1. Can you tell me which residue within the range 184-216, out of those that are assigned to a helix (DSSP H, G or I) and within 10 Å of the ligand (Cβ to nearest atom), is farthest from Asn143 (Cα to Cα)?
2. Only one of these conditions is not met by Ser28: (1) surrounded by fewer than 18 Cβ atoms within 10 Å (Cβ to Cβ); (2) within 16 Å of the ligand (Cβ to nearest atom); (3) not charged (D, E, K, R). Which number is it?
3. Could you please find all residues in the range 135-149 being out of contact with any Lys or Arg (no Cβ under 9 Å at 6 or more places or on another chain) and either open to solvent by less than 40 Å² (accessible area, probe 1.4 Å) or within 14 Å of the ligand (Cβ to nearest atom) (or both)?
4. Does Lys168 satisfy being open to solvent by 60 Å² or more (accessible area, probe 1.4 Å), charged (D, E, K, R) and more than 18 Å from the chain's Cα centre (by Cα)?
5. Could you list, in sequence order, the residues of the range 275-294 that are free of Cβ contacts under 8 Å to residues at least 60 places away in the same chain and either among the basic types (Lys, Arg) or open to solvent by 40 Å² or more (accessible area, probe 1.4 Å) (or both)?
6. Testing Leu102 on (1) in contact (Cβ under 8 Å) with a residue 60 or more places away in the chain; (2) within 16 Å of the ligand (Cβ to nearest atom); (3) closer than 30 Å to Asp278 by Cβ, one condition comes back false. Which one is that?
7. Is it true that Glu59 is within 13 Å of the ligand (Cβ to nearest atom), closer than 27 Å to Phe183 by Cα, assigned to a helix (DSSP H, G or I) and charged (D, E, K, R)?
Amino acid sequence: ATILAACMFGSASAADLTIGFSQIGSESGWRAAETTLTKQQAEKRGIDLKFADAQQKQENQIKALRSFIAQGVDAILIAPVVATGWDEVLTEAKDAEIPVILLDRTVDSKDDLYLTAVTSDLVHEGNVAGKWLVDTTAGKPCNVVELQGTTGSSPAIDRKKGFEEALKGHDNLKIVRSQTGDFTRTKGKEVMESFLKAEDGGKNICALYAHNDDMAVGAIQAIKEAGLKPGKDILVVSIDAVPDIFQAMAAGEANATVELTPNMAGPALDALDAFLKDGTKPAKWIQTESKLYTQADDPQKIYEEKKGLGY
Ligand code: GYE
């Protein structure tokens, strides 16, 4: 109702807005930082943010969206846990004239079912990680194990794709094991333990590619418990650039990470503001940066800096 009046008279200002935010959960340090920053961004703009944590279950996200629609919120933010199964509920939001913005993950639905998606180029992230490994191994034989993100999520699909693209034509690099660690430290450690057991105690493994830093941190623990040196016996490359991976880098236990900003809400709420004010339609994809960091980038200093930014 608020928004309708505001649209008619063009007086929509963030202060009147009620926004529903369907968050996946808090499976990783990065996700927890995104939640913190989203709440800060809403607070700063005087937005009433209705927060729903789905505990990583799609059915909980669909329930949350239906509840937001029933409440008549002015807009919805959602980080979609998986890429499929959203058409029906997104159509319900569209029929209720409630704009939906996707954060950090995409969906397979037609793009007229959401206002915009604020994400990194997930394929490119995998590419950057793969290229770093290609350059670092410089033609030397290297068996790689891969910890995939949540099965069916766009980051798991795209980061795998990008990494494999980067390895094309470099037959010295072989992905010998690949399994989901569901983006969590616990699962990352567990699956890495099984990789180590299956690969002669880790002697056959030269590198780990983890789709996020949290799984890498869990895996680093497993590598150490197996009596090997992570970062040396087994190279470690991952994605997110959360503070703890810089701590591991400073200790020589991790080698490279690709940065993903946890501040997706800033660009999302700016685009929403413009749309609600005068109907300005944002691009369907607002892309955030992806930057490679290695041990050469003073990881201790970056760790100190990042600690304050929502993590
Ligand atoms: O890399 C990971 C989180 O959706 C791209 O989700 C995001 C990923 C992020 O669990 O830490």
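The values are calculated or read from the model by the stated rules, or taken from the named source; none is laboratory data. Note that the structure is predicted; figures quoted are calculated from it, not measured. Heads up, the Cβs are rebuilt from the backbone with ideal geometry, glycines too, and the neighbour counts pull from every protein chain shown. With ligands, DNA and RNA removed, areas are computed over all heavy atoms of the protein, side chains included. Shrake-Rupley method; radii C 1.70, N 1.55, O 1.52, S 1.80 Å.
1. By that ranking, first place goes to Asp214.
2. (1)
3. Across the range 135-149, the qualifying residue is only Thr137.
4. The answer is yes for Lys168.
5. Selection gives Thr280, Lys291.
6. All conditions are met except number (1).
7. So Glu59 does not fit the description; no.
Every residue, every condition in (1) open to solvent by less than 10 Å² (accessible area, probe 1.4 Å); (2) in contact with a Pro (Cβ under 6 Å, 6 or more places away or on another chain), yes or no:
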residue	(1), (2)
Asn60	no, no
Ala64	no, no
Leu90	yes, no
Asp95	no, no
Val100	yes, no
Val107	no, yes
Gly126	yes, no
Leu133	yes, no
